[in-house]
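The values are calculated or read from the model by the stated rules, or taken from the named source; none is laboratory data. All values derive from a computational prediction rather than experimental measurement. Reconstructed Cβ throughout: ideal geometry from the backbone, glycine too, with neighbour counts over all protein chains shown.
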Amino acid sequence: MSTDDADFVPPFCPNPRCQHHVAPRDWRWHAHGTYQRRASPRCIRRFRCAHCGRTFSTQTFSVTYWLRHPELPIAVFHRTLACSAFRQMSRESGVSHTTMMRLAARLGRHCLLYSEAHRPVGPIREPLVIDGFESFEFSQYHPIHLNLAVGARSHFLYAFTATELRRKGRMTDAQRSRREQLEARFGRPDPKSLELDVAELMRLAARQAQTLVVRSDEHPAYPRAFRRVPTLAIEHECTNSREPRTAANPLFPVNLADLLIRHGSANHKRETIAFSKRRQGAIERLAMLVVWRNHVKRFSETTGGPTPAMVLGLASRPRSLGEVLERRLFTSRIGSPEVLMRYYRRLVPTRRIPNGSTHALKYAF
Ligand SMILES: [Zn+2]
């Protein structure tokens, strides 16, 4: 992941206000000395933009920009996918668990941008299978759905959104009155939240007007959500959720994605204490899993096969996590839809944590 190679050529000016940030053609820069840092690699080359005068270094283009422990990101990425909890990871690497949490959030942001930079362009050429992955934030009184849109043929995870829901289903009298207390104090989710977030999911998955086959269970919010996206002519195919969850089930691609999320995320295990305290954290962790699923993981761990990105013709071979983390990505160079920027800035609120941290750094944004 080091960018400290002698033949490193700065790819563009890192200053978002410089004309050579997005259009590096005919860009000129000068060498601007070196500096020493404590973490390895120690000697870092500096540069100066001949156009705007901004100085920067090889590190400016690295995922480890401004990190005190540049060796950690790949290890944390692996550990996250292997279901370690933050405190477990921090014990192994000797940093605090809050450092771990910040790093995981940064990796999540990187993965949001990575997915955006490596998504298929043009209309979707396969049916989409959608579903709400059930989990919760803070406590079981605050269920959430992670809405997923998966390609029926490629198994590519095109998009996801996160929705807070009202606790429903069987409850004891004590639980019911606890819910009432909590709702009186913290308010309750918008009853339309699922419909709105599934509409957002469809807009994120299919960016242009097209006809599209969408498969789902019989949740009544889905048809209402589709009507909110007039650019898509959706042919909706429903499957009863009580059908056996085999490979022959039309919802198999999304059922398999659910399974992989449950299998590869400590926060979504049943009866765990590593559950997400904030929906925001669940989003970041899911963003990492999506990149791994789409670009890194082959179809079968034993017999190999292509990644979903390869099936869509986006890549000719699987990426390694090291390659995914090779270069820092800039929001200013990757135009992202508003909902993704909300996720990126950590603006997803959790009722029970009114002052959750947001992401508003000036330099390592
Ligand atoms: Zn510049």
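Is it the case that region 282-303 has a residue that's surrounded by fewer than 18 Cβ atoms within 10 Å (Cβ to Cβ) and within 26 Å of A199 (Cβ to Cβ)?
Taking every residue of region 282-303 in turn, none turns out to be surrounded by fewer than 18 Cβ atoms within 10 Å (Cβ to Cβ) and within 26 Å of A199 (Cβ to Cβ).
Could you list all residues from region 96-134 that are closer than 17 Å to I234 by Cβ and of a type in the set (D, E)?
Result: E126, D131.
May I ask you to verify whether S276 is touching an Asp or Glu at 6+ places or on another chain (Cβ under 7 Å), among the hydroxyl-bearing types (S, T, Y) and surrounded by fewer than 16 Cβ atoms within 10 Å (Cβ to Cβ)?
No; evaluated as a whole, the condition is false for this residue.
Give me a count of the residues in region 195-220 that are under 12 Å from D131 (Cβ atoms) and either modelled with pLDDT under 95 or among the aliphatic types (A, V, I, L, M) (or both).
Residues in region 195-220 being under 12 Å from D131 (Cβ atoms) and either modelled with pLDDT under 95 or among the aliphatic types (A, V, I, L, M) (or both): 3 in total.
Of everything in region 287-341, what is in contact with a Leu (Cβ under 6 Å, 6 or more places away or on another chain) and of a type in the set (K, R)? Give them in sequence order.
R293
Just the residues that are β-branched (V, I, T) and assigned to a loop (DSSP other than H, G, I, E, B), please, taken from region 297-351.
Correct list: T302, T303, T307, T331, I334, V348.
Select, from F226, F156, the only residue that is modelled with pLDDT of 95 or more, aromatic (F, W, Y) and over 22 Å from the mean Cα position of the chain (by Cα).
Numbers: F156 fails: over 22 Å from the mean Cα position of the chain (by Cα).
Among F226, F156, only F226 is modelled with pLDDT of 95 or more, aromatic (F, W, Y) and over 22 Å from the mean Cα position of the chain (by Cα).
Look through S316, S336, S320, S300 and report the one residue that is small (G, A, S) and closer than 24 Å to M101 by Cβ.
Criteria check complete, one pass: S336.
Restricting to region 51-70, what's the tally of residues that are in contact (Cβ under 8 Å) with a residue 40 or more places away in the chain and within 12 Å of the ligand (Cβ to nearest atom)?
3
Before we move on, is A75 modelled with pLDDT of 90 or more and either touching a Ser or Thr at 6+ places or on another chain (Cβ under 9 Å) or among the β-branched types (V, I, T) (or both)?
Details: modelled with pLDDT of 90 or more: yes; either touching a Ser or Thr at 6+ places or on another chain (Cβ under 9 Å) or among the β-branched types (V, I, T) (or both): yes.
For A75, the condition - modelled with pLDDT of 90 or more and either touching a Ser or Thr at 6+ places or on another chain (Cβ under 9 Å) or among the β-branched types (V, I, T) (or both) - is met.
So that you can scan it fast, the table gives a plain yes or no per residue for (1) away from the ligand (no atom under 16 Å from the Cβ); (2) in the same structural domain as L329 (by TED's automatic domain parsing); (3) surrounded by fewer than 19 Cβ atoms within 10 Å (Cβ to Cβ):
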residue	(1), (2), (3)
R46	no, no, yes
C49	no, no, no
I74	yes, yes, yes
A82	yes, yes, yes
G94	yes, yes, yes
L103	yes, yes, no
G108	yes, yes, no
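Could you tell me how many of the residues in region 1-33 are more than 10 Å from the ligand (Cβ to nearest atom), surrounded by 13 or more Cβ atoms within 10 Å (Cβ to Cβ) and either over 24 Å from L325 (Cβ atoms) or of a type in the set (D, E) (or both)?
2
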